[in-house]
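Participant: One structure is given below, represented as structure tokens, and several questions about it will come after.
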Amino acid sequence: MRIYTVHLRGEREGGGAAETVVVREGFSWAAFLVPPLWALYHRLWLTAVLMGVIGGAVAYGLLLRAGDPATGAVMVVIVLAGFGAIANDLRRWFLARSGFRLAGVVAGEDLAGAEHRWFAAAPRAASPPARSLPHIAPYAFDPTYRP
């Protein structure tokens, strides 16, 4: 089973969250393989630009200017592995800065299973109370009551 964090922003009239984002814990293979595209997909614009520039600079500096291309390639893989390791944490940080709050943690076989478990366990909004008689003070019918 995989672990996911659930982030909520805003409230609906019925009491449910207006926006829900589920983020997987752990290493991100997509962020390891194609960091700028991963960042663009998750709407992390500044991160995408920075990863493109940093990735280009590192690739140029290490692969083309290094004495040994194998050493440069190993360094590029290490940088990409570092980004893959922190990518989902970076995404959670940006969600927190944009108004999302951490609502909880859920486990599931995949993203759909985790979402299903989260929404199945989420408390439902209370239904409006049934129409009742006007409030009558309990002492109105108590002959022994003295104010």
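The values are calculated or read from the model by the stated rules, or taken from the named source; none is laboratory data. Because the structure is predicted, anything quoted here is derived from the model rather than measured. Note: ideal-geometry Cβ built from the backbone for every residue, glycine included; neighbour counts use all protein chains shown.
Okay, residues lined up against (1) among the hydroxyl-bearing types (Ser, Thr, Tyr); (2) at pLDDT 80 or above:
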site	(1), (2)
Thr20	yes, yes
Pro35	no, yes
Ala59	no, no
Ile86	no, yes
Leu111	no, yes
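Participant: Now a separate question. Output the residues belonging to region 83-114 that are touching a helix residue (DSSP H, G or I) at 6+ places or on another chain (Cβ under 6 Å) and part of a helix (DSSP H, G or I).
Facilitator: Phe83, Gly84, Ala87
Participant: Say we look at region 1-18 and pick out the residues that are modelled with pLDDT of 75 or more and surrounded by 15 or more Cβ atoms within 10 Å (Cβ to Cβ); which of these is farthest from Gly99 (Cα to Cα)?
Facilitator: Within region 1-18, the match that is farthest from Gly99 (Cα to Cα) is Tyr4.
Participant: Does region 24-33 include one or more residues that are surrounded by 13 or more Cβ atoms within 10 Å (Cβ to Cβ), at pLDDT below 80 and not in a helix (DSSP H, G or I)?
Facilitator: The answer is no, given that none of the residues of region 24-33 is surrounded by 13 or more Cβ atoms within 10 Å (Cβ to Cβ), at pLDDT below 80 and not in a helix (DSSP H, G or I).
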